[in-house]
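To start, the structure itself, in structure tokens.
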Amino acid sequence: MENNCIFCKIVAGQTGTELVYQDEQVTVFHDREPAAPVHLLIVPNRHVTSLNEISATDRDWLVQVMLVAGQIARQMNVHESGFRLLTNTGADAGQSVYHLHFHLLGGTQLNRLGWRGGGWPGN
Ligand code: 5GP
Ligand code: ZN
């Protein structure tokens, strides 16, 4: 638990954020400013700032992120229509929260959207 890390607080249940899924390794919740009809964040429970900070010892929960992404996509019913899983690393990518997170996006034709969701829901 990192002091003042909003995602550590969400993982610990210290905010009002509804958790979509949680196990010993990862936590899933809705992005508070959705860029698409389906926009979830999958985060490791352990505080890791970004992909810059991971090593081979993180293999287990990294695999769990991928397995959970597949499950959640199915649960949200975007597994057949299609979805995107991505992580922003550092300033050029626009990373704004420095607790590693994977965006799961779907529910619309994502190629029409600017990454920040400029095309949704506005038009
Ligand atoms: P980044 O820009 O770092 O790739 O993504 C951070 C994401 O976290 C943004 O899409 C932002 O809307 C979301 N976010 C930031 N703070 C909170 C929060 O307190 N609760 C939730 N649910 N999402 C947050
Ligand atoms: Zn954290």
Report task. Among what's in the range 1-51 and is among the charged types (D, E, K, R) and near ligand 1 (Cβ under 10 Å from one of its atoms), pick the residue that is least open to solvent (accessible area, probe 1.4 Å). Result -> Asp31
Requested in this report: Return a yes/no flag: does the range 67-76 have any residue that is within 15 Å of ligand 2 (Cβ to nearest atom) and either open to solvent by less than 40 Å² (accessible area, probe 1.4 Å) or in contact with a Pro (Cβ under 9 Å, 6 or more places away or on another chain) (or both).
Outcome: no
Report summary line: Within the range 1-18, residues charged (D, E, K, R) and either within 19 Å of Leu40 (Cβ to Cβ) or in contact with a Lys or Arg (Cβ under 6 Å, 6 or more places away or on another chain) (or both) come out as Lys9, Glu18
Report summary line: Considering the range 78-115, residues that are exposed (fewer than 11 other Cβ atoms within 10 Å of the Cβ) and part of a loop (DSSP other than H, G, I, E, B), and then whichever is nearest to ligand 1 (Cβ to nearest atom), we arrive at Ser96
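The values are calculated or read from the model by the stated rules, or taken from the named source; none is laboratory data. Only a predicted model underlies this, so the values are computations on that prediction, with no experimental measurement involved. FYI the Cβ positions are ideal-geometry reconstructions off the backbone, even for glycines, and counts take in every protein chain you see. Please note that ligands, DNA and RNA were not included when accessible areas were found on the heavy atoms of the full protein model with its side chains. Shrake-Rupley method; radii C 1.70, N 1.55, O 1.52, S 1.80 Å.
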